[in-house]
Structure formats: structure tokens, C-alpha cells
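The values are calculated or read from the model by the stated rules, or taken from the named source; none is laboratory data. Since the model is a prediction, treat every value here as computed from it, not as a measurement. Don't worry about glycine lacking a Cβ; one is built from the backbone with ideal geometry, like all the others, and counts go over all protein chains shown. Heads up: the accessible areas ignore ligands, DNA and RNA and are worked out on the full protein's heavy atoms, side chains in. Shrake-Rupley method; radii C 1.70, N 1.55, O 1.52, S 1.80 Å.
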Amino acid sequence: QEVTLAGWVNRRRDQGGLIFIDLRDRWGVTQITINAKTSPAAHAAANNDVRSEYVIQVTGRVHTRPEGTANPELDTGAIELEATAIKVLNTAKTTPFSINTDDKVDESLRLKYRYLDLRRTRMQHNILLRGRVIQFMRNYLYERAFTEIETPIMFKTTPEGAREYLVPSRTFPGKFYALTQSPQQFKQLLMVAGYEKYFQIARCFRDEDQRGDRQPEFTQLDLEMSFVEREDVLRLIEDLMIAVVEKLTDKKIMSKPFVRLTYQESMLRYGCDKPDV
């Protein structure tokens, strides 16, 4: 049975009568083999029309790789697709930096060619991991009877700690909305209204100079609980963090449960109430 794959040419290796193409897509890399004897048209296309970062569509049959040629570093390393037809969907110029390696690239160049930077394996891993973390947090909180509620982003400016971005109103000349720093007032309103377990994946805005831990806009898990003690909140978040790390990454947590310091201990030992231990 023939299958069709589409993606970017990660690498191309020409061995005369046999051409190998590593085809990259959102799911990983698959090796394509094109044999001049069995598929002369596909081989001619791969030889003349296919280069790195071209977008191609390949039709062929999946086979187990010959003994001794499997690649254990790839999820698809045990198989290959023997191509019977190749169609070039889009060509590409030579890229300003390598897509298929994790070489260090100047950040300004990465941002200029952001669409290329986002193709790289490390960046795709980061973005896909972020999506899995958010999905995991949602499921975790749903299972514990939390309700997800979306609060407004544009609001009346309030005297909080950080500066707010202002958005001029078209319908009320001279008036402005503020972009909320966080859903704080809405959380309080929801608790008073009886929604005793609330959360949202909230966008927050800060009109401040950038620092190492602060940027103009960011996302945070925001939640509120009614009728609870301090231990309930600490345990919920600690269990969530442990579950995220252990289920979604290969990292190890050095201490479970987390070490706890009193405010006095933290100030005496580290001089601040949020030490990096």
C-alpha cells in the first residue's frame, strides 16, 4: 500500500543510482530512498529538482530498513519510504543559517528570519512542549473541580504595582482602556460570586523596562481557591509541578516533597524571600 508524505528536505545524499532524502515535518524526520532502477522518474526529480529546505510531496511504500542500517536516534529509524513519485511543492533559496543543526546563531538574525528559526528542532521542541504543559495543567485542574473562566483583557486602569499599556477608545474620544497586568480584580470578583475554584491561562501585560524575569507580555497560570488553608494551595501547586516535570520531561526532581523555608530562615540565609536554591 502506497502512502504520501509532505514536508521539508532536511538533508539530501546522492549515491549515484540511489538518492536518500531526510524528509522533515512537524512529527520528525523520515528517510526517503529513491532508486534509479525501480523509479527512474522520481530519481530524476530528486536528482535535478530537489535541494535543502525545498517543500516536497513523496509517494511510495514503507519498508523496514536493511539490516545494520537502522538509526536508533530517530523514532522512524527502523523504516524508510521507497519513493515512487516526487512532487516539488515549493523551492527555497539558501538559508542564512543551518536549519537541520543546532548551531549557535546570532539572535538578531534568528528574529529577522523567525519563520526559519521556528523550523529548527530545538524551537519546535520548545513550542510543542509548551502546548503539552498547558494541556496537562488544564486536565490536572479540571480533574480537581476547577472551572476555567476567561477574564477581560481591556479594563479600567487601576493603581497597581506596574505600569499599564493604554489602548485609546474610538467610541469614547479621549478615553482609554488599560491592558490588565493580571486578572487580580476579576479573580476576587469570581470568588465573591461563588466560583470557588477558578483558573485561566492568562495573558498579562507590563509597560516596564525589560529585566531578566520581566517582559512586556507573558502568559501565566492564574488560579484562585475559596475555603482553603495555606497547605491546600501549596500542595496543589507542588503536586502539579512534580507531575509536569515527571510526565512531560526526562528531568529528575532532586527533592520530594519540596524543601520549605520560613520567611525568617530565607531572609537570614539568602537575604531575600524568593531565593534560587
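Across 177, 54, 142, mean-square fluctuation computed from a Gaussian network of the chain (C-alpha pairs under 10 Å connected) peaks at 177.
Counting only lysines at least 8 places from residue 87 when in the same chain, those with an alpha carbon closer than 26 Å to its own are 37.
In the chain, the longest principal axis of the Cα atoms and the axis of helix 121-142 are about 50 degrees apart.
Across the stretch 59-98 the C-alpha pair distances fall into 10 Å bins from zero in the proportions 23, 31, 37, 9 percent.
With 0.36 nm allotted per residue and the present C-alpha distance subtracted, the residue 75-residue 91 stretch has 3.1 nm of extension available. Expressed as a whole percent, the accessible area of the chain that falls on carbon and sulfur atoms is 52 (1.4 Å probe). Centroid-to-centroid, using Cα positions, the stretch 222-254 and the stretch 34-61 are 50 Å apart. Charge tally for residue 257 (other residues, Cβ to Cβ under 11 Å; Lys, Arg +1; Asp, Glu -1): +1. Note on the stretch 20-60: semi-axes of the ellipsoid equivalent to its C-alpha gyration tensor, largest first and rounded to whole Å, are 19, 12, 8. If you take the alpha carbon atoms of the stretch 97-249 and fit the smallest convex hull around them, that volume is 176 Å³ per residue. Residues in the stretch 115-198 average 68 Å² of solvent-accessible surface per residue, probe 1.4 Å, ligands and nucleic acids excluded.
With every protein chain in place and a 1.4 angstrom probe, the accessible-area ranking of 125, 63, largest first, reads 125, 63. Taking Cα centre as origin and charging only the Cβ of basic (Lys, Arg, +1) and acidic (Asp, Glu, -1) residues, the dipole magnitude of the chain rounds to 640 debye.
Using only alpha carbons, the stretch 133-178 has a radius of gyration to Kirkwood radius ratio (Rg to Rh) of 1.22. When the convex hull of its Cα atoms is viewed from all sides, the chain shows a mean projected area of 23.3 nm². I want the local charge near residue 8. Using Cβ-Cβ distances under 12 Å, sum +1 for each Lys or Arg and -1 for each Asp or Glu among the other residues. Charge balance near residue 8 sits at +4. With coordinates expressed along the principal axes, the C-alpha atoms belonging to the stretch 28-106 extend over 43, 30, 15 Å, beginning with the largest. Kindly state, to the nearest 0.05, the FRET efficiency for residue 226 paired with residue 18, given R0 = 51 Å and r defined as their beta-carbon distance. For residue 226 and residue 18, the calculated efficiency is 0.15.
For the stretch 182-264, the spread of Cα coordinates along the three principal axes comes to 37, 37, 34 Å, biggest extent given first. Extent of the stretch 1-153 along its three principal axes (Cα atoms, max minus min coordinate, largest first): 62, 39, 28 Å.
Of the residues 264, 124, 181, the one that moves most in a GNM of the chain with alpha-carbon contacts below 10 Å is 264.
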